[in-house]
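Rule-based calculations on the coordinates, nothing more; no lab input. Nothing here was measured: the structure is a model prediction, and the numbers come from that model. Here the Cβ positions follow ideal geometry from the backbone for every residue, glycine too, while neighbour counts run over all protein chains shown.
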Ligand code: FES
Ligand code: FES
């Protein structure tokens, strides 16, 4: 900052702006520096003031002597009642309408099996099923799913009986820390249903063929949205192949 800048001692700042900062006229005369923080806070307060003549608290005219500045309140939408159907059960929750499905599942409903990795659609740890299709729960709002059937990892093993995909993951040691595993399993379940429906992927050689083979390239391509920091990929592929043989019917998991 050059000498004589507006940021030292007031300079050309408007008197109105200076009255919103902690720099009093007397101290300005003494050449007290106006910090960047004071300047920004004062500017925000000045911008948030009521229009001239509006009166009320917070107006420049009503500010008591010696008051430095007023912070503007952060305003947002009121919490909303949201009804979600998860694993066949209805849940009424009060949540911020801007809450993601992931946060709502974990923090409002208490289903913490769905994990938060990146929280921005890159790792797949938050994979759940909505109406039988896999989605990333961190990339969608809970209020968008009040009419949907949601399935989480907790919903695929009713009565404590492991799903064949879960059993295959255990048998093939397809995890280490386990943080990505619920998302991997939910993706694997959806993958097997996609194969059964004959839906091609970028790895499918003949997209016009009526059936898609559960090959290693197909598994790797279709699981590519699920990252594993422990790098258990070979075991995951083996587990999905085995589960594909074991699961004869669509999973019904969502
Ligand atoms: S937490 Fe949703 S994709 Fe990573
Ligand atoms: S098992 Fe650790 S991140 Fe996949």
Added length on full extension, which subtracts the Cα-Cα distance from 0.36 nm per residue, residue 171 to residue 209: 10.4 nm
Fully extended contour minus Cα-Cα distance, from residue 202 to residue 80, at 0.36 nm per residue: 39.9 nm
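Peptides 203-211, 161-169: what's the order by average Cβ count within 10 Å, highest mean first?
161-169, 203-211
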For the pair residue 231 and residue 131, what calculated FRET efficiency results from E = 1/(1 + (r/R0)^6), where r is the Cβ-Cβ distance and R0 = 45 Å, to the nearest 0.05? 0.90
Likely footprinting exposure, 146, 181, fewest C-beta neighbours within 10 Å first: 146, 181
Virtual spin-label span in nm between residue 94 and residue 221, 7 Å along Cα→Cβ: 4.9
Per Stokes-Einstein, at 4 °C and 1.567 mPa s, what whole-number D in µm² s⁻¹ belongs to the range 102-246, with the Kirkwood radius over Cα pairs as the hydrodynamic radius? 83
7 Å from Cα along Cα→Cβ at both residue 162 and residue 147: what's the point-to-point distance in nm? 4.0
How would you rank 105, 227, going from fewest to most other Cβ atoms within 10 Å of each one's own Cβ? 227, 105
Between rounded, prolate and oblate, where does the range 82-159 land on the alpha carbon gyration tensor, with a ≥ b ≥ c its root eigenvalues, rounded for a/c under 1.5, else prolate if a/b exceeds b/c? rounded
